[in-house]
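> Mind looking over this structure? Questions follow.
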Amino acid sequence: MSPRSVLVLGAGMVGVSCALALQKRGFAVTLIDRREPGRETSYGNAGVLSRSSIVPLNNPALFRSLPAYLGNRSAALHIDWRRLIGEPGWMLRFLWEARPGVAAERMAALDSLTRHTLPLHRALMQEAGIGHRLRENGTLKLWRSTQGLAKAQAEQAMLARHGIETELLDRQALSGLEPSLRPIFPAGLLFPGNGSVDSPGAVVAAYAALFGSRGGIVRQAGVNGVRRGGAGWLVATDQGDIAAEQVVVALGPWSADLLKPLGLRPPLGVERGYHRHLQPRDGAALRRPLYDVEAAYFMAPMEQGIRISSGVELAHRDAPDNHRQIDAVVASAREALPLAEGAGEIWRGARPTLPDSLPMIGEAPRHPGLWLAFGNQHIGFSTGPVTGEILAALMAGEAPPADPAPFRPGRYLA
Ligand SMILES: Cc1cc2nc3c(=O)[nH]c(=O)nc-3n(C[C@H](O)[C@H](O)[C@H](O)COP(=O)(O)OP(=O)(O)OC[C@H]3O[C@@H](n4cnc5c(N)ncnc54)[C@H](O)[C@@H]3O)c2cc1C
């Protein structure tokens, strides 16, 4: 076993970022995934590198929208009632965390992560030779209704308190930025501090290749369990046991499955989402991702076409697809941009979410050498690199780039 050997389980954005950050600090790192790097949740997201996403879905405003959500009348959130009836625990804890008393704390914690999004990704993309995939022209949030202007102004004021820059847009200013959009949005915000990429899966693959080019080992194997053994830990895979002094669990929405036999039960839920690619028509083009607030979808220009991604579906992680939300938002997207008939395959993913909408970053209680890095919910593509930096700094005994206290595993694990 190499000195300071670490096995990182999961090669999504979070695991690959942990592997790179540990490697930089001199650890001998092996990265394991049952698939190629970046083929699951980190593949199908909207590719937004967000500075501005500091308000979790379960914020106090959720209670105002609850009647529409509970009746499944909004494309933003769809609840699979069989889950709520069969397993009310996670959803009730998620709702409880929307109470006003904790909102400022949550936002401060998310702010401490998203402020690192662009600087870290920019550096990694340069090192990985994929600078051409990065767009630094911001993202848009657009309102169709006349109340949009007041909402945009309120959001602008709130984000300004966190030092997050925004530009208020009227119909004309928006058409200057995105000439192909139909004039259905009287108000909007530009977030100039956000970036985006044209293929999230390719970005993760390039980061993993960078890790490999620096001597890191990438293994394709299914992980079945983890137990103490040897000089630290033994990870059981479908290709036999692998030993290491330390292990990082970065299995995204599958992380809790592995921890259960150890008596560690993080309340990890999932917020599922879907995407579909459509091709622009009549020479239309989109220059940056946009969020259509009232219709509740992201539309992002990707290598494969225009990616439309849906809001949140609260259902069991492995329950069969329900295409109601993605069908509804594809129809709404056609109102906003000229899009050709026909659409690509439907992709489904699961945002890994803890009830307080903050990730778990740190050492597992009672299990020295077992480290946790998961639960990055809606912004794990953005916050993967800073998650890796925090975790690797803690493992190396250095000062992390953000206060790790809000993310400590002990808040949910005894
Ligand atoms: C529709 C949608 C849109 C989104 N949009 C954005 C966005 O625009 N910006 C943003 O920042 N975030 C976005 N997100 C969130 C983001 O995609 C996730 O937070 C992030 O990808 C989580 O990364 P991860 O590495 O934790 O998980 P994953 O990417 O899922 O990685 C986990 C890895 O573990 C592996 N694995 C699991 N079990 C095993 C096992 N037993 N053995 C071996 N390997 C295993 C999987 O194969 C996988 O590669 C979006 C999510 C969705 C669903």
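> Could you pull the accessible area for residue 151 with a 1.4 Å probe, rounded to 10 Å²?
For residue 151, solvent-accessible area is about 110 Å².
> Computed over the Cα atoms, what is the radius of gyration of segment 337-409 divided by 2.2 N^0.38 Å, N being its residue count?
Working it through for segment 337-409, the quotient is 1.50.
> Could I ask something else about it? Let me know the Rg and Dmax you get for segment 144-204 when you use only its Cα atoms, in Å.
Here Rg and the maximum Cα pair distance are 13.8, 40 Å.
> Can I ask one more? Quote the relative contact order of the chain in percent (integer), defining contacts as alpha-carbon pairs under 8 Å separated by 6+ residues.
Taking the mean separation of contacting Cα pairs over the length of the chain, I get 26 percent.
> Roughly how much of residue 116 is accessible, in Å² to the nearest 10, using a 1.4 Å probe?
Solvent-accessible area, nearest 10 Å²: 50 Å².
> What number do you get for segment 316-376 when its Cα radius of gyration is normalised by 2.2 N^0.38 Å, N = residues?
On the way: Rg = 18.7 Å, N = 61, 2.2 N^0.38 = 10.5 Å.
For segment 316-376, the normalised Cα radius of gyration is 1.78.
> Protein chains only, probe 1.4 Å: how do 41, 237 rank by accessible area, largest first? It would help to have the intermediate numbers written out before the result.
Values: 41 35, 237 15 Å².
Final ranking, largest accessible area leading: 41, 237.
> Largest first and in whole Å, give the semi-axes of segment 202-270's equivalent ellipsoid, each being the square root of 5 times a Cα gyration tensor eigenvalue.
23, 18, 10
> Hey, what's segment 318-369 come to in accessible area per residue, 1.4 Å probe, Å²? Walk me through the numbers before you get to the answer.
On the way: 2090 Å² over 52 residues.
Heavy-atom accessible area per residue stands at 40 Å².
> Still on this structure, I have one more. Per residue, how large is the accessible surface of segment 21-174? Use a 1.4 angstrom probe and give square angstrom. Please report the intermediate quantities before stating the final value.
Values: 7470 Å² over 154 residues.
Value for segment 21-174: 49 Å² per residue.
> Restricting everything to alpha-carbon atoms, can you work out Rg to Rh for the chain with a Kirkwood hydrodynamic radius? Kindly include the intermediate steps, with their values, before the conclusion.
Numbers: Rg = 20.8 Å, Rh = 21.7 Å.
Value, to two decimals: 0.96.
> Would you mind telling me the share, in percent, of accessible area of segment 170-222 contributed by carbon and sulfur at probe 1.4 angstrom?
On segment 170-222, the fraction of accessible area on carbon and sulfur atoms equals 55 percent.
> Helix-derived [θ] at 222 nm for the chain: sum -39500 (n - 2.57) over DSSP H runs of at least 4, divide by residue count, nearest 500?
-9500 deg cm²/dmol
> Now for a different question. Using just the alpha carbons, could you tell me how many Å³ per residue the convex hull of segment 224-379 encloses?
Given the Cα convex hull of segment 224-379, per-residue volume reads 147 Å³.
> Right, something else. Viscosity 1.567 mPa s, temperature 4 °C: give me the Stokes-Einstein translational D for segment 1-129 in µm²/s, with Rh taken as the Kirkwood radius over C-alpha pairs.
Approximately 72 µm²/s, per Stokes-Einstein.
> At 0.36 nm per residue, and after removing the present C-alpha to C-alpha distance, how many nm does the segment from residue 318 to residue 414 gain when stretched out fully?
Length gained, residue 318 through residue 414: 31.8 nm.
> While we're on this one: Compute the signed sum of charges (Lys and Arg +1, Asp and Glu -1) over the other residues within less than 14 Å, Cβ to Cβ, of residue 239.
-1
> To continue, here is another question. How about residue 151: which lysines have a C-alpha closer than 28 Å to its C-alpha, ignoring those fewer than 8 places off in the same chain?
Counting by Cα, and skipping residues close in sequence, residue 151 has these lysines nearby: 141.
> Can you tell me the orientation of helix 13-24 relative to the chain, as the angle in degrees between its alpha-carbon axis and the longest Cα principal axis, to the nearest 10?
Tilt relative to the chain: about 50 degrees.
> Which whole-percent values make up P(r) of segment 80-122 when all C-alpha to C-alpha distances are grouped in 10 Å steps starting at zero?
23, 29, 26, 19, 2
> According to the Kirkwood expression over distinct Cα-Cα pairs, how big is the hydrodynamic radius of segment 107-186, in Å? Don't jump to the answer; show the numbers that get you there.
Numbers: mean 1/r = 0.0669 Å⁻¹.
It is 15.0 Å.
> Determine the share of segment 265-414's accessible area contributed by carbon and sulfur atoms, expressed in whole percent, with a 1.4 angstrom probe. Intermediate results must be reported in sequence, preceding the final value.
Numbers: 2530 of 5050 Å².
Carbon and sulfur atoms account for 50 percent of the accessible area of segment 265-414.
> What ratio of Cα Rg to 2.2 N^0.38 Å holds for segment 240-295? Numbers along the way, then the final one.
Working: Rg = 20.4 Å, N = 56, 2.2 N^0.38 = 10.2 Å.
This ratio for segment 240-295 stands at 2.01.
> Could you size up the charge dipole of the chain around its Cα centre, putting +1 on the beta carbon of Lys and Arg and -1 on that of Asp and Glu, and report it in debye to the nearest 20?
400 debye
> Tell me, Kirkwood radius of segment 18-66 from alpha-carbon pair distances, in Å?
Value: 14.7 Å, from the Cα pair sum.
The values are calculated or read from the model by the stated rules, or taken from the named source; none is laboratory data. Computed from a predicted model, the values in this text were never measured in an experiment. As a convention, Cβ positions derive from the backbone with ideal geometry for all residues, glycine included, and neighbour counts pool all protein chains shown. Accessible surface areas use protein heavy atoms only, side chains included; no ligands, DNA or RNA. Shrake-Rupley method; radii C 1.70, N 1.55, O 1.52, S 1.80 Å.
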